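Participant: Take a look at the following structure, please.
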Amino acid sequence: MKMKKAILSCLMLMAGLSVSAQEQKGTTEYIFEPHFYVQLQGGARYTTGETDFGKLISPTIQGAIGYNFNKALGARLGVNAWQSKGGYDISGLNYKKDYKFTSIAPALDLTLNLSNLIFGVGPKNHWNFGAFIGVGLNIRSEASDEVKAISNEVNGLARSDVYGWAPMPSDFLESGVFVTGRAGVFADYKITDAFAIGLEVNGNILSDKFNYKKAGNPDSYFNAMLGLKYNFGPTYTSKFIPDPEPQIEYVEKIVEKIVEVPAPEPVIEPIRRDVFFLINKYNIRESEEQKVKDIVDYMRQNQTAKVVVTGYADAGTGNDKINDRLAAQRADAVVKMLTEKYGIPADRISYDSKGARVQPFADNDSNRVSICIAEVQK
């Protein structure tokens, strides 16, 4: 019976060493990271009015700073400004005039990211689309001399109950501040993790006084804009989840002759820990430090154990020069923590770096790693 136990122990040791030497398989989970962003957009505005469509189109620009709290909800503070247009087309009098005026409109929006809810986050999701709703103020300029002249002409032409035109009351020509409600949709395409280009269309509704004309109903305008967005910091991080190790089935053979052999020494299996890093980083995060502590505990319990630390970089980003440096820095960060923080002697540690020339994981992001293998020396 003792020989049978020795044979089974040897088989288990050989299987454990074989599995640790093979490439670790698993899946990568992508986790949304809250972040700030800035936007700069420009495009066209259509201000509703009583004249030809083309004469009511004017330029507009918008700048904004926003924060995404989670993968679905965010908030944005923006300022939309430049120009609006109005006009008259009084039937029966052959009177057509259009005019322009300026305004500036700060607003606070609540954003909803639909693409993250539907498709999730990660490197394969290049599109962000969603909707927003907001409220703000529109600060409109005083009527120009041109607008005041048109006002005098219109008010002297005919009665509104005959020709159906909207007069310009004198108090409507003063500068004004109007509460504005707005809503819209957006679609962004990510060029990189930081930069994206996007399209936004929004509608705004506000007081009847906005276009200087008294019509008895709210005024409105619509913006269509293209722009550039810059995200501060990573928008997501990745977490590697290894597959469960396969169960090893053993076939027991019956040994007819039992030979008494000395009991084997207890087998202490090696330990492996993978310390993962963020893109272009080599500092050990608090969530990964426990893995280094596992190596420390193993080496303190087994005074003959030594550890090999190997640094890697992912081949999907950077170049060989950058990746060689990053891989070496990642290995060095683990070595420094072992020696300087936990007091592991340097002669029990060896280290190397492979850059991006060797990729231990099939998933690109998981190769931002230092692999630590500690085992008892015989």
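The values are calculated or read from the model by the stated rules, or taken from the named source; none is laboratory data. On a predicted model such as this, the values are computed, not experimentally measured, just so you know. Note: ideal-geometry Cβ built from the backbone for every residue, glycine included; neighbour counts use all protein chains shown. Heavy atoms of the whole protein, side chains included, go into the accessibility calculation; ligands, DNA and RNA do not. Shrake-Rupley method; radii C 1.70, N 1.55, O 1.52, S 1.80 Å.
Participant: May I ask you to evaluate 6.51 cos²θ - 1.76 cosθ + 1.60, the Karplus curve with θ = phi - 60°, for each residue of segment 186-199 and list the ³J(HN,Hα) values in order in whole Hz, giving x for glycine and proline?
Facilitator: 9, 8, 10, 10, 6, 7, 9, 4, 9, 9, 8, 9, x, 10
Participant: Using DSSP, restrict attention to beta bridges with both residues in the chain and report what percent are antiparallel, rounded to the nearest 5.
Facilitator: So the antiparallel bridges amount to about 95 percent of the total.
Participant: I would also like to ask the following. Which value in nm describes the separation of the simple spin-label points at Ile139 and Asp208, placed 7 Å from the Cα toward the beta carbon?
Facilitator: 2.7 nm
Participant: Sticking with this one: If r is the Cβ-Cβ distance from Leu108 to Asn217 and R0 is 35 Å, what FRET efficiency results, to the nearest 0.05?
Facilitator: Calculated value: 0.85.
Participant: Okay, next question. At a 10 angstrom cut-off on C-beta neighbours, averaged per residue, how do the peptides 47-53, 84-90 rank from highest to lowest?
Facilitator: The densest-packed peptide leads the list: 84-90, 47-53.
Participant: Once phi is turned into θ = phi - 60°, what whole-Hz ³J(HN,Hα) does the Karplus curve with 6.51, -1.76 and 1.60 give for every residue of segment 171-178, x standing for Gly and Pro?
Facilitator: Working through the residues one at a time gives 6, 6, 7, 7, 5, x, 10, 10 Hz.
Participant: Where the centre of each part is set by its Cα atoms, how far does segment 275-323 sit from segment 169-184, in angstrom?
Facilitator: A separation of 60 Å, based on Cα centres.
Participant: Put a dot 7 Å past each Cα toward the Cβ at Leu228 and Glu340; how far apart are the dots in nm?
Facilitator: 3.8 nm
Participant: Gaussian network model of the chain, Cα springs within a sub-10 Å range: biggest mean-square fluctuation belongs to which of Tyr298, Tyr312, Tyr37?
Facilitator: Ranking Tyr298, Tyr312, Tyr37 by mean-square fluctuation puts Tyr298 first.
Participant: Highest mean first, what order results for 189-202, 335-348 on Cβ atoms within 10 Å?
Facilitator: 189-202, 335-348
Participant: Based on DSSP H runs of at least 4 residues, each adding -39500 (n - 2.57), what is the mean residue ellipticity at 222 nm of the chain after dividing by all its residues, to the nearest 500 deg cm²/dmol?
Facilitator: The helix contribution divided over the chain gives -6000 deg cm²/dmol.
Participant: Please work out the Cα center distance from segment 220-238 to segment 81-106, rounded to the nearest Å.
Facilitator: Their Cα centres are 31 Å away from one another.
Participant: Can you bin the chain into rounded, prolate or oblate? Criterion: square roots of the alpha carbon gyration tensor eigenvalues sorted a ≥ b ≥ c, rounded for a/c under 1.5, prolate for a/b above b/c, oblate for the rest.
Facilitator: Prolate is the answer for the chain, as a/c is 1.5 or above and a/b outweighs b/c.
Participant: Listed here are the pairs Lys190/Lys321; Lys190/Lys293; Lys55/Lys190; Lys71/Lys321; Lys239/Lys341; which of them are more than 29 Å apart at the Cα?
Facilitator: In this structure, Lys190/Lys293; Lys55/Lys190; Lys71/Lys321 lie more than 29 Å apart at Cα.
Participant: For a quick protection proxy, order the peptides 361-374, 203-216, 280-293 by their average other-Cβ count within 10 Å, most packed first.
Facilitator: Most protected by this proxy first, the peptides run 361-374, 203-216, 280-293.
Participant: Moving on to the next point. Gain in length, Ile279 to Leu199, computed as 0.36 nm per residue apart minus the alpha-carbon separation, to one decimal in nm?
Facilitator: Between Ile279 and Leu199, full extension yields an extra 26.0 nm.
Participant: Helix 286-301 versus the longest principal axis of the chain: what angle, 0 to 90°, nearest 10, using Cα atoms?
Facilitator: Compared with the principal axis, the helix lies near 10 degrees.
Participant: Hey, can you find the accessible area per residue of segment 34-165 for me, probe 1.4 Å, expressed in square angstrom?
Facilitator: Accessible area per residue: 51 Å².
Participant: Further question on the same structure: Please list, in chain and number order, the residues 5+ apart from Tyr236 or on another chain whose amide H is under 5 Å from its amide H, with Hs placed from the backbone.
Facilitator: Hits under the 5 Å cutoff: Glu33.
Participant: Please list Val135, Val309 in order of solvent-accessible area, largest first, computed with a 1.4 Å probe with all protein chains present.
Facilitator: Ranked list, largest accessible area first: Val135, Val309.
Participant: In nanometres, what is the gap between the two model label sites at Ile241 and Val177, each 7 Å from Cα along Cα-to-Cβ?
Facilitator: 5.2 nm
Participant: Roughly how many Å² of Phe178 are accessible to a 1.4 Å probe, to the nearest 10?
Facilitator: About 20 Å², ignoring ligands and nucleic acids.
Participant: Additional query: Could you check which residue among Ala305, Ala263, Ala105 shows the biggest mean-square fluctuation in a GNM of the chain with a 10 Å Cα cutoff?
Facilitator: Ala263
Participant: Follow-up question, since we're still on this one. Compute the angle between helix 2-21 and the longest alpha-carbon principal axis of the chain, please, reported from 0 to 90 degrees and rounded to the nearest 10.
Facilitator: Value to nearest ten degrees: 30.
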